[in-house]
Amino acid sequence: MQIPQTFQPFPKSTIIVITDNVQAKLYHAFDREFTYLETLSSDYPSHENQEQYSMQTPGGMHSGEQSEKTRIISRDKLYHKLSKNLLFRLQKNEFETLVFTAPEEDLEELKESLHIDLFKRTFAWIPKNLTYEDSLDLVAHIQEVEY
């Protein structure tokens, strides 16, 4: 996508990571180009023989709920995979800087999971879950931090 003139161009080759606890979408931005690269997923739990967690609410209704332990394992597996992917891209000189968005409750774990070379190249940490935003909205959120 071409970034409209109403937005600033990206002065450095940047990988933008939009993540939650089950997926990470990677984009590349440079000058006025904004391109989707790939989506990584935790692949946990496996969808084979997956059990549904169920609970009864005080109102008597049943609802499916992912356990907190499963959410944490999923997030940790995803962040490990993400760090390896980005380190490989760094070794291939695919970017100069990084920008991350993640839900506020997961941001510290994301920071701790990254290789130090990736951490040093990170320009911004945005504490928001933007995994379902469109490309233009992503650019707007990133440029709010005065890129």
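Laboratory data are not the source of any read-out in this text; all were calculated from the coordinates shown. Source: prediction; values computed, not measured.
Some notes on this structure:
- Additional length obtainable on full extension of the chain from Y132 to E96, 0.36 nm per residue less Cα span: 10.4 nm
- Reachable lysines from K120, criterion Cα separation under 20 angstrom, eight or more residues apart if same chain: K12, K81, K84, K92, K111
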